[in-house]
Each structure stands twice: as structure tokens, then as C-alpha cells.
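No value in this document is a laboratory result; all are computed from the given coordinates. Here the structure is a predicted model, which is why all the values come from computation and not from measurement. Positions of Cβ are generated from backbone atoms using ideal geometry, with glycine treated the same way; all protein chains shown enter the neighbour counts.
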Amino acid sequence: DSFGIIQSLQKIGLKSENLGSSTGQNWLKSAETMLSSFSPADGQLIAQVQFSDAETYESILAQAQLAFEKWRLVPAPQRGEIVREIGNALREVKADLGKLVSYEMGKSYQEGLGEVQEMIDICDFAVGLSRQLYGLTMHSERPGHRMYEQWHPLGIVGIISAFNFPVAVWSWNAALAWVCGDVCVWKPSEKAPLSGVACQLIAARVFAKHGMPEGISNLIIGDYRIGELMSHDPRIPLVSATGSTRMGKLVGKAVGERLGRSLLELGGNNAIIITENADLEIAIRGALFGAVGTAGQRCTTTRRLIIQESVYDEVKSRLASAYTKLVIGNPLDEKNHVGPLIDQDAVKNYLSAIEKVKAEGGKAVVEGGVLSGEGYESGCYVKPAIYEAENHFEIVQHETFAPILYLIKYSTLPEAIALQNGVPQGLSSAIMTTHIREAEAFLSAAGSDCGIANVNIGTSGAEIGGAFGGEKETGGGRESGSDAWKAYMRRQTNTINYSTSLPLAQGIKFDI
Ligand code: NAD
């Protein structure tokens, strides 16, 4: 354990007796089935976590319902105070939790730390928000009447999260939901359950310290079957689900059938347009981090580069030369740039995408492949690859969760924008240009159709202050900053008559 993993786990408080689903400090024991968490960094078993069964699910939901009855009556700024302390508790364990995230998920230690920092940031944001859950007041058309709207807590928020941001996505939802007066039931990815247990421990300790009921923060360990229980459960008015488009369609349908609310954060197929007016230094650096960061396993990873023909060859050769300098290896070792994919299935998908792009006529600029030998024993390390391709290729239309970058050539900007928009997904997009006309055209109503559109910044690495999410098959949900909190509350319009008569709206007469 040269990276001190065991010490870090101990510092967070992870012990063998608390590796299960939980409504708080008392961990609910459940069925015998255990879920093993292996590190893609070295293939080692980190821990086994208890899988939850339907009975555990029921007890967690019951606890959550009870907790909501109390929590919704705690004044929002006081709820904010507790979230502030959760943020502080995260500050204390930032290095240790960042290490666990890196080891369990395979992202670099720097990115693991960044993910915990994002959690701290959203807690700070939520503290401020707890005093700003504003409703509007309106002028009534009737004399002696007043109208206003208020935002009330919604109830239980179900959170289903993906493996690639095993902790941040939870906090984007949970920190806002808590200040809004909701309670959370979180099902982390079955590929990174231990990071989930760590977060639950940290939050539950803070709630307990304040004498708050158990069940404000709940963790449930399981796979898609627990996710299905949540989607169909009318006791969960909002299901916030992050993951593949395939999963989102199933969750959206199940929640829609019971007319619940879903907030979907699904796959992306993000492109950077590099125009002839780009600062190529910035463009290459932005594309490089966007394409290979987190080994291509971010929803906002740059998957396509749409390059103007006059700079195409230069961009291609500079990128290819940058790729030769990438060091691939254990994500906890800070000299490495690129870590492993999450598991062997992901490696298979990567290899099959490479086969497909070639079969469709793509040409290798930087050839891919699986790495073997010392340091690569887990079998999850692959080479970041670049292929020249066309936008209409079936594989280019598809999100492959791996570091494969497609180069596409264009001549006019309208053509580039049409290519950028010409995929089923609509998450993140960027243009590299120093020309104001090009930048503004890209940001206009006829420009990028994505939820995120950047200028001279890559497609990944969003800040928590803005609303995060995308259009089309990305699911339409918005999380994190701006007014994303409104999804976690119910709006109530109130009309108050303080006059001595009862006039009807629209001047309708109804006299007896
Ligand atoms: P995944 O869809 O395999 O799993 C995500 C979560 O959904 C897991 O917790 C899983 O157990 C659960 N799940 C699977 N099937 C379900 C079902 N039928 N009902 C309910 N729950 C179900 O995704 P993954 O491989 O963990 O993550 C990668 C995907 O997530 C990529 O497509 C990526 O783009 C996407 N993602 C999107 C965002 C975003 O904000 N838009 C952020 C991170 C990841």
C-alpha cells in the first residue's frame, strides 16, 4: 500500500461493520449478498459492501419519510448551517476522500481532489441559497387581493449516480435538496460503492451531531434493480438520475408513467470547433485535456474535433505529437497523465469502437490498444487514440466512454455548427476562435444546441455556479448552480383576499 490507501480509509472512518446501506449512523444489515469493489488501478479488491434487498429498501424509505416530516419544518437557513458543516467535514477529509475516489474509480489523484473540492463548493453555494429560496409576488387583478408564490420542500429525492463522478454528482443533488428541505435516498454506482459509503458516513455524522433524525441522508447499495424500485416508487416525487442514455430512457419512462418528476443527466458526444482564427496553443491544450482527462470517461469528454480545413493538418500533427508525451499509469502516481478505464467491459467497448471506426473507413492518426506488463496488471489501461472520421459514421454518432477522439474536417462555419449539432446528444460544446463574429454565431439561437457552449475553453471541467446539463438524448435536466434548485421544490401560488367582497377573476359574474 505505497499510496497509503488503508490509512485514508481509516481516517474517513470506514470500518468493516459499516459497509452497507444506511439511513444514518446505524447501518442496516441486509441480505448475505456482497458487492465487491475492485480498483481498476491495480486490480485489487478494496472492500466488499453489503448489497441491499427489497426489505432494506422498504426500511430506508420508511425512515426517509419520517425524517422528511421533521426536516421540512427546520428553517431553511438552519438547514444551510448543517450543510455548511458537511462542507467543513469534507474539507477535513479532502485528501483522503480524493485518494479513495482516485483508487476506486481510476481518475487521477488531482481529479479526485477536484471532485471533493466540487462537493465543498456546492455546499458553500447551498449555504447561500438557503437564504435565497425566493418566490415572486404578483399584482392581483382583483381589489383587496394579494398574490404571491412560495417554494415548499418536495419530499424524498432519489439520486441514482454513475461511476465516473462517484461523489460529486451526489453532492450537487444532495446539498441543494437538503437546503430545500428534502431528504435524499442515494444509490451510488455499483462500480464505486465504497466512495458512496464514505460520503454517507461523513454526512450522517454531521446530522447526528445536530440531533437530527436519521433518514435525512440515506444510502442504498445496489444495482439497476434498486434503481428500478426507486423509479417506480410514488413515495419519491423526484428521481435525479445520472448515467447512460439507455438507463435514462428507462428511468424517464418509469417515473413518467406515475407522473413523477425526473431530472436526467445522460450521455454526451461533445465537440470542439477549431476555426482558422483559433489560438492554436489554447485549442490544442483544451482538446488534449478534454479528450484524455479521466481517460475519456467524463460525460463532457471531447469526442469530436471539427477543424477548419486550412488549419486541419497543423492541428492533427500537433495533437499527434502531444499524444506521444502522455504518460499512462497508476492514477495515484502524480507523474502519470492518464489512468485506467473502469473495468474490462469498458476495455471491450473501447476496442470494439476502434474496430467499428476502421470498418466504416476511419484512419488512425494515433493508434489505440490495450497496455500490458508491469503496472498494467488490472488490464484496464488503454492508449488514448485519434481517428480521422466522418460525422455520419454510426460509431461517431455514439458515445464510447473511452479516450477515442475523432477528427472531422469542415470548410464553412455554418457547416461546422451543423456537424456539431448533428448527433443525438446535446451536452457540451466549444468553439476555439479569436473572432467575435464566429464566437457569437456559435452562441446564438442558430448556434450550438447544447446545454453548455464555451468559447476558448474545452468541453469538460464545468464550475458549480452554472446550471449543468444538456439537451436531446442528454436528458434535459439541470443540476448544480443558477436556479437548478427549483427542481427540488414544489411551487405554490397563493391568493389572499383581504377585502369585504368576493370578486371573481376575469370579472365573471355569479350572483344569486
Ligand atoms: P449506467 O447508465 O450504466 O449507470 C448509471 C446508474 O444507473 C448506476 O447507478 C446504475 O446502477 C443505474 N441504472 C442502470 N440501469 C438502471 C435502470 N434500468 N433503472 C434505474 N437505474 C439504473 O452509467 P455508467 O456507466 O455508470 O456511467 C457512464 C454514463 O453516465 C455515460 O453515458 C456518461 O455520459 C453519463 N454521465 C452523464 C453525466 C451528466 O451529467 N450528463 C454525468 C456523469 C456521467
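Using R0 = 56 Å, the C-beta based FRET efficiency linking Lys325 and Glu257 works out to 0.65. Within the range 128-171, what residues put their amide N at less than 14 Å from the label point 7 Å along the Cα-to-Cβ vector of Lys486? Answer for this model: 133-137, 149-152.
Set the Cα radius of gyration of the range 289-428 against 2.2 N^0.38 Å, with N its number of residues, and you get 1.04. Comparing Cα centroids, the range 1-16 and the range 460-489 end up 33 angstrom apart.
Helix 76-92 axis versus longest C-alpha principal axis of the chain: approximately 30°, rounded to the nearest ten. Taking trypsin sites (Lys or Arg not before Pro) across the range 314-379, the ones in a DSSP loop with at most 10 further Cβ atoms lying within 10 angstrom of their Cβ are Lys325, Lys335. Using alpha carbon centroids, what distance separates the range 315-372 and the range 380-405, in Å? Going from one Cα centre to the other spans 9 Å. Counting only Cβ charges, +1 for Lys and Arg and -1 for Asp and Glu, the dipole size of the chain around its Cα centre is about 1140 debye. Largest first, the extents of the alpha carbon coordinates of the chain on the three principal axes equal 81, 59, 37 Å. Secondary-structure-derived ellipticity at 222 nm for the chain, considering helices only, amounts to -12000 deg cm²/dmol, per-run term -39500 (n - 2.57) for DSSP H runs with n ≥ 4.
Over the range 340-404, what portion of Cα pair distances is larger than 15 Å, expressed as a whole percent? Summing the P(r) tail past 15 Å for the range 340-404 gives 48 percent.
Shown here for the range 314-408: GluC sites (Glu not before Pro) in loop regions (DSSP other than H, G, I, E, B) with at most 15 other Cβ atoms within 10 Å, namely Glu334, Glu360, Glu367, Glu374, Glu377, Glu390, Glu394. In this structure, the pairs whose alpha-carbon distance is over 22 Å, taken from Lys363/Lys383; Lys249/Lys358; Lys11/Lys99; Lys99/Lys335; Lys191/Lys358, are Lys249/Lys358; Lys191/Lys358.
Loop by DSSP (not H, G, I, E, B), at most 15 other beta-carbon atoms within 10 Å: where is the longest site-free stretch of the chain for chymotrypsin sites (Phe, Trp or Tyr not before Pro)? That gives 135-497 as the longest site-free run. Rounded to the nearest 20, the Cβ-based charge dipole of the range 324-363 about its Cα centre (Lys and Arg +1, Asp and Glu -1) stands at 260 debye. Need the list of aspartates and glutamates near Lys356 for cross-linking: C-alpha distance under 18 angstrom, and skip anything on the same chain fewer than eight residues off. Counting by Cα, and skipping residues close in sequence, Lys356 has these aspartates and glutamates nearby: Asp345, Glu367, Glu388, Glu390, Glu394, Glu399.
The angle between the Cα long axis of helix 309-324 and the main principal axis of the chain comes to about 90°, on a 0 to 90 degree scale. Summarising the amide proton neighbourhood of Leu371: residues at separation of 5 or more, or on other chains, whose placed amide H is nearer than 5 Å comprise Tyr381, Val382, Lys383. Take the Cβ atoms of Asp53 and Lys509, set R0 to 56 Å, and the FRET efficiency comes out at 0.35. Taking only alpha carbon atoms, the range 96-212 gives an Rg to Rh ratio of 1.14, where Rh is the Kirkwood radius.
Here the spin labels are modelled as points 7 Å beyond Cα on the Cα-Cβ line, and at Gln132 and Gln65 they lie 3.6 nm apart. A straight chain from Glu377 to Ser501 at 0.36 nm per residue would run longer than the Cα-Cα distance by 36.5 nm.
Express in whole angstrom the spacing between the alpha-carbon centres of the range 170-228 and the range 65-81. Here the two parts' Cα centres lie 15 Å apart.
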